[in-house]
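The values are calculated or read from the model by the stated rules, or taken from the named source; none is laboratory data. Here the structure is a predicted model, which is why all the values come from computation and not from measurement. Here the Cβ positions follow ideal geometry from the backbone for every residue, glycine too, while neighbour counts run over all protein chains shown. Surface areas here come from the heavy atoms of the whole protein model, side chains and all, with no ligands, DNA or RNA. Shrake-Rupley method; radii C 1.70, N 1.55, O 1.52, S 1.80 Å.
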Amino acid sequence: MIPFITIGLLGLLSLSIPVGIVLFLLGFGVDQFFSLFPLLRGLGNMVWSTSNSATLIAIPFFVLLGEILVRSGIAERTYAALDKWVSWLPGGLIHANVATATMFSATSGSSVATAATVATVAMPQADRLGYDPRLFSGAIAAGGTLGIMIPPSINLIVYGFLTQTSIPQLFLAGLLPGILLALAFMLVTVCICVIWPSLGGERRRFPLREMIGGLGDLLPIFLLFSAIIGAIYKGWATPTEAASVGVGGALLIAAMFGGVSLGMISEAIVGTVKITSMIMLVIIGASFLNFTLSAAGLSSEMRNLLENLGFGPLMTIFVVVLIYIVLGFFIETLSLMVVTIPIVVPIVTGLGYDPVWFGILMIVLIEMALITPPVGLNLYVVQGARKSGNMSEVMVGAAPYAFTMLCMVGVLIAYPDLALILPRLLQ
Amino acid sequence: EQLNVVGSWSSLPLHKAYEAPFWGETLPEASGGKITTQVTTHNEMNLGVADVFRLLGQGVYDVAMTVGDYAVSDAPELEGLDVPLVAMDAAKAKAAVDAARPMVDEIFANRFNSKVLAIAPYPPQVVFCNKEVASLDDLKGLKIRASGRMTAKFLEALDAEGVNVAFSEVPGALQKGVVDCAVTGAGSGYSAGWWEVSTHLLTIPLGGWDPVVTAMNMDKWNSLDAGTQELITDQIATKFEAPAWDSAQGALLNDIACLTGNGECESGDKRSMVLVEATDADIAKARDILEAKVLPEWAERAGADWAKRWNDSVGKVVGVSIASK
Amino acid sequence: MAERILLAVRIWNKRIALATGFILLACAGLVLVDITMRQLGSSLGGTDEISGYVMAIATAWGMSFALTELSHVRIDFLRSNTPQKTRVLFDLFALFSLAMTVAIIANQCWPVVATTLKNASTANTPLETPLALVQIPWFAGWLWFAFSSWLIFLSAMVLVVKGRFKKVEGVIGIASAQEEWL
Ligand code: NA
Ligand code: NA
């Protein structure tokens, strides 16, 4: 069954059939060839109960929040302000890309939305200032992945939802690794641009007065982050409800900046519906495939396989990491999570690992999957925002950052406290 | 004969200690290899809890088990299987379930095209409070996390406020005062560390006993020969249902001992929650509310026929009666 | 004719998306009101249940819009390296797979509604929402997705037969410069 799934997945994907549909088709195949039961009859219930979810409504809310920030001009101001602070570094504006992505990660729950936000405001600058398009766009794709590591995070909500792990604790756990990863991205950029200065474009210094003046433009994002995270930790709202606090906050801030109009809101909600449906087709497809796979016995097959390898805890973690890296090349990330969590997490926690820590480890791997070809959603988003050039340029540009994430995986395994210290301190 | 079996929550003791061994080993061995099984659980299959018996009826798998309360969307009359606060110990709960069995058989045949094989208990659903609580009356005005429609209605009648919080968020919610009390099995609350964030343990089964129904697709059942049917019925009654019930009371007492520190705790360290036991006044009060409000409302949802049948069976056993309108 | 159909589907999807979006926005508002009221000591109750229904219905009705906006994720590495006529074949085949799959999905969604109608099912919550009330709009959304994807597929076929490859690629291809990605 595993060869069938692998070949089927790669074959159908390369035929450019929509990813969500590919997952359904594989589910049909498993039902037809590997199951004695009429699994197809479960399809309707699967579609209903997967999408009838008060947890997943965080997806449209977070997307909407991002839409409002872009369309009200707040995103652009944030970018310009950060540009003044970090563009003196070797690599110049590339650091502004990472910094803006980090800021937006703190209000956005989705990596795709974060990358799209930054790409929209940053891309027009690349040609104008003579940057190498590869590293410039790669940094946006990679920086965008922080959206699911730095709280809030849809993927951590889904992880907590599926594994019965506390979502606020997961959010706390993601904060330090997320910031560290952002700093590592900047460090890598500096190193690359010191070795090959032509990649970095122009370094620019701004007068201190302008730098301080720009701080005001960062205020909206800080306020929004405080509102979302504050609502969760004060116990006013659940992590999903906090997404609606974000929407309300974004509208309020946009109104203060004079950016709210009926036309703007219409565009924002239409964009939200589009992206939400795109994501949901994949999630529903993944749920159905997962249902057929476990009904056909693959889940227990996989579990037995992993258990019978007889590896110690550390070795098992390495195997799991390897599996995620390989699968991450080919599978869209939310489906990757939904399909693997029920199999992998019980094994890992059974070995004595903390589910909160493993959630963060998985998020780094998922972030990697977002920027590794051929299926890397953030690469596509950034490429989509470019007006010219080839997809492979973005892939090459993202590679050093993917390698940085791999190092981060190692660091997390060696120092689990990096993730666990905040939840423990604030418990 | 190959049976595809879908168990209840994979992480809970009922599945690990009884369901998985029974369907995975006991029954196949007893059949001398005639029956083979493949066992998974509804959470591993990513199934919505309300869909488990729907899909069983459609023949998506052969055998399924889950809490009866999860299926009341499709069968309001099934709520009568688990009325909160009428059975204070396992023996009484067993008697009530036995009395309800013919009704449950009929409901499953009509609504879910399935044959009921067994009804086993989950741990009774007790109340963890982070507020000083001495009696049922003290719950008035508090924010309580509970599940199940009848329990929610009972809390409404008690003037308490039902709050919806995911299981994994309960400790945080108790700590921050988002909820004052939360209902779950004593064992689950112990292993999930709820004793860290709550002070008082009310051992009244506010959430009922959450009986788990095991059923087989009716077409599958009818396709089995009489000998196999008998084998399954016998085996499941003696090797699954009976032991699960036998251990229920002991497990409850053990879990309470662990949480409060009164008595022997076999599952780990003792904790020191304040034990609040139900008084006769509490029981009387609960009955009043049930008879005056909660059960008559249920009778409207389910229909007068079911109310009458309930009165004549479960009602007799537990000493509660629904007034006819 | 084919072009008029394609345009009509597109326009209708846009209207539907607008309506769906406003429902989502209203839902966010409802949740906000509930959060505020809880701070004041009362509660609307059941907003999480309602959010779930909104999500299911919004998802179903948004699917076709995402299709006409070319937003459903497709992997491009093989397709993009072929000449236009082959690209259009890729697009047609992908759309055919989608239309088939969605027809199967919509077909399988009906029994869910039928069971709900037969049992007069209500939500297992204090609200006791009649499930038909929310499942029928949800089912209708999937039905529209199936119907509109077949309409688009057949119209695209007609255009291919007429040899209008450039037009077809614009309607069912992969968006090249999606500045409206967000
Ligand atoms: Na985030
Ligand atoms: Na990838």
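For segment A:98-124, the set of residues classified as open to solvent by 20 Å² or more (accessible area, probe 1.4 Å) and either within 30 Å of A:THR240 (Cβ to Cβ) or in contact (Cβ under 8 Å) with a residue 40 or more places away in the chain (or both) consists of A:THR102, A:MET103, A:THR120, A:MET123, listed by residue number. Once segment A:390-402 is narrowed to residues that are touching a residue at least 40 places away in the same chain (Cβ under 8 Å) and open to solvent by 50 Å² or more (accessible area, probe 1.4 Å), the residue that is farthest from ligand 2 (Cβ to nearest atom) is A:GLU393.
Take B:ASN254 and decide whether it is open to solvent by 20 Å² or more (accessible area, probe 1.4 Å) and assigned to a helix (DSSP H, G or I). Spell out the reasoning first.
Numbers: open to solvent by 20 Å² or more (accessible area, probe 1.4 Å): yes; assigned to a helix (DSSP H, G or I): yes.
Spelling it out, B:ASN254 is indeed open to solvent by 20 Å² or more (accessible area, probe 1.4 Å) and assigned to a helix (DSSP H, G or I).
All but one of (1) touching a His at 6+ places or on another chain (Cβ under 7 Å); (2) free of Cβ contacts under 8 Å to residues at least 60 places away in the same chain; (3) within 27 Å of B:ARG301 (Cβ to Cβ) hold for B:ARG101, so report the exception by its number. Of the numbered conditions (1) touching a His at 6+ places or on another chain (Cβ under 7 Å); (2) free of Cβ contacts under 8 Å to residues at least 60 places away in the same chain; (3) within 27 Å of B:ARG301 (Cβ to Cβ), the odd one out for B:ARG101 is (1).
Scanning segment C:19-30 for residues that are open to solvent by 60 Å² or more (accessible area, probe 1.4 Å) and facing chain A (nearest Cβ under 7 Å) yields a single hit, C:PHE22.
Restricting attention to segment A:323-347, the residues that are over 22 Å from A:SER153 (Cα atoms) and either within 16 Å of ligand 1 (Cβ to nearest atom) or more than 14 Å from every other protein chain (Cβ to nearest Cβ) (or both) add up to 2.
The sole residue among C:ARG4, C:ARG38 that is surrounded by fewer than 19 Cβ atoms within 10 Å (Cβ to Cβ), part of a helix (DSSP H, G or I) and without any contact (Cβ under 8 Å) to a residue 12 or more places away in the chain is C:ARG4. Residues in segment C:120-140 that are open to solvent by 50 Å² or more (accessible area, probe 1.4 Å) and farther than 23 Å from B:LEU155 by Cβ: C:ALA120, C:LEU133, C:ILE136. Within segment A:141-162, the residues that satisfy the criterion of being more than 16 Å from ligand 2 (Cβ to nearest atom) and either more than 20 Å from A:LEU422 (Cα to Cα) or acidic (Asp, Glu) (or both) are A:GLY143, A:VAL158, A:PHE161, A:LEU162. Considering segment C:73-119, the residues that are within 9 Å of chain A (Cβ to nearest Cβ) and not in a helix (DSSP H, G or I) include one that is most open to solvent (accessible area, probe 1.4 Å), namely C:PHE77.
In segment B:27-83, which residue that is touching a residue at least 12 places away in the same chain (Cβ under 8 Å) and of a type in the set (Asp, Glu) is nearest to B:ASN217 (Cα to Cα)? Can you show your working first?
Initial filter on segment B:27-83 (touching a residue at least 12 places away in the same chain (Cβ under 8 Å)): B:27, B:30-31, B:34-45, B:47, B:49-50, B:52-54, B:56-59, B:61-83.
Next, from what is left, pick out any that are of a type in the set (Asp, Glu): B:44, B:62, B:69, B:74, B:77, B:79, B:82.
Details: B:GLU44: 20, B:ASP62: 5, B:ASP69: 19, B:ASP74: 17, B:GLU77: 20, B:GLU79: 21, B:ASP82: 23 Å.
Among residues in segment B:27-83 that are touching a residue at least 12 places away in the same chain (Cβ under 8 Å) and of a type in the set (Asp, Glu), the one nearest to B:ASN217 (Cα to Cα) is B:ASP62.
Which one of these is among the aliphatic types (A, V, I, L, M), open to solvent by 80 Å² or more (accessible area, probe 1.4 Å) and assigned to a helix (DSSP H, G or I): A:VAL245, A:VAL194? Talk me through it step by step, then tell me what you get.
On the way: A:VAL245 fails: open to solvent by 80 Å² or more (accessible area, probe 1.4 Å).
Just one listed residue meets the conditions, A:VAL194.
If I ask for residues that are surrounded by fewer than 24 Cβ atoms within 10 Å (Cβ to Cβ) and not in a helix (DSSP H, G or I), which ones from segment A:132-158 would you list? A:ASP132, the sole residue that qualifies.
Of the residues A:ALA385, A:ALA369, which is among the hydrophobic types (A, V, I, L, M, F, W, C), more than 17 Å from the chain's Cα centre (by Cα) and either within 14 Å of chain C (Cβ to nearest Cβ) or under 20 Å from A:LEU10 (Cβ atoms) (or both)? Give the steps one after another, and end with the answer.
Values: A:ALA369 fails: more than 17 Å from the chain's Cα centre (by Cα).
Going through A:ALA385, A:ALA369 in turn, just one is among the hydrophobic types (A, V, I, L, M, F, W, C), more than 17 Å from the chain's Cα centre (by Cα) and either within 14 Å of chain C (Cβ to nearest Cβ) or under 20 Å from A:LEU10 (Cβ atoms) (or both): A:ALA385.
Take B:GLY24 and decide whether it is within 14 Å of chain A (Cβ to nearest Cβ), surrounded by fewer than 21 Cβ atoms within 10 Å (Cβ to Cβ), more than 16 Å from the chain's Cα centre (by Cα) and on the phi > 0 side of the Ramachandran plot. For B:GLY24, the condition - within 14 Å of chain A (Cβ to nearest Cβ), surrounded by fewer than 21 Cβ atoms within 10 Å (Cβ to Cβ), more than 16 Å from the chain's Cα centre (by Cα) and on the phi > 0 side of the Ramachandran plot - is not met.
Name the single residue, out of those in segment A:164-191 being β-branched (Val, Ile, Thr) and open to solvent by less than 30 Å² (accessible area, probe 1.4 Å), that is nearest to ligand 1 (Cβ to nearest atom).
Taking segment A:164-191 as the starting set, the residues that turn out to be β-branched (Val, Ile, Thr) are A:165, A:167, A:179, A:188-190.
Those still in the list that are open to solvent by less than 30 Å² (accessible area, probe 1.4 Å) too: A:165, A:167, A:189.
Details: A:THR165: 17, A:ILE167: 13, A:THR189: 21 Å.
So the residue we want is A:ILE167.
For segment A:257-282, the tally of residues that are more than 7 Å from chain C (Cβ to nearest Cβ), surrounded by fewer than 23 Cβ atoms within 10 Å (Cβ to Cβ) and of a type outside the set (D, E, K, R) stands at 9.
If you go through segment B:48-76 and keep only what is more than 10 Å from chain A (Cβ to nearest Cβ), within 19 Å of A:THR50 (Cα to Cα) and open to solvent by 10 Å² or more (accessible area, probe 1.4 Å), you end up with B:TYR70, B:SER73. Could you tell me which numbered condition B:GLN38 fails, if it satisfies all but one of (1) open to solvent by less than 50 Å² (accessible area, probe 1.4 Å); (2) modelled with pLDDT under 90; (3) under 20 Å from the mean Cα position of the chain (by Cα); (4) not aliphatic (A, V, I, L, M)? It is condition (3) that B:GLN38 fails.
Tell me the helices (runs of 4 or more DSSP H) entirely within segment B:259-325 that contain at least 1 residues that are in contact with a Lys or Arg (Cβ under 9 Å, 6 or more places away or on another chain) and without any contact (Cβ under 8 Å) to a residue 40 or more places away in the chain. Before you say what the answer is, go through the steps one by one.
On the way: elements: B:280-289, B:295-302, B:304-310.
Those helices (runs of 4 or more DSSP H) span B:295-302, B:304-310.
Taking the numbered list (1) of a type outside the set (A, V, I, L, M); (2) closer than 29 Å to A:ASP417 by Cβ; (3) within 16 Å of ligand 2 (Cβ to nearest atom) in turn, A:TYR380 passes all entries but (2).
In segment B:112-134, what residues are more than 28 Å from B:PHE22 (Cα to Cα) and open to solvent by 30 Å² or more (accessible area, probe 1.4 Å)?
Across segment B:112-134, the qualifying residues are B:ASN130, B:LYS131, B:GLU132, B:ALA134.
Applying the condition of being within 12 Å of A:GLY143 (Cβ to Cβ) and within 14 Å of another protein chain (Cβ to nearest Cβ) to segment A:80-107 and asking which residue is farthest from ligand 2 (Cβ to nearest atom) yields A:THR100. Within segment A:350-360, the set of residues being within 16 Å of ligand 1 (Cβ to nearest atom) and over 17 Å from the mean Cα position of the chain (by Cα) is empty.
Screening segment A:361-378 for residues that are open to solvent by 10 Å² or more (accessible area, probe 1.4 Å) and not aliphatic (A, V, I, L, M) and picking the one that is farthest from ligand 1 (Cβ to nearest atom) gives A:PRO374. Cβ-Cβ contacts under 7 Å between residues 6 or more apart (or on different chains), taken from a first residue in segment B:176-205 that is within 9 Å of B:PHE128 (Cα to Cα) to a second residue that is of a type in the set (Val, Ile, Thr) and open to solvent by 30 Å² or more (accessible area, probe 1.4 Å), are listed as B:THR199/B:VAL274; B:HIS200/B:VAL274; B:LEU201/B:VAL274. C:ALA175 falls short on exactly one of the conditions (1) surrounded by 18 or more Cβ atoms within 10 Å (Cβ to Cβ); (2) closer than 18 Å to A:SER277 by Cβ; (3) within 11 Å of chain A (Cβ to nearest Cβ), and that condition is (1).
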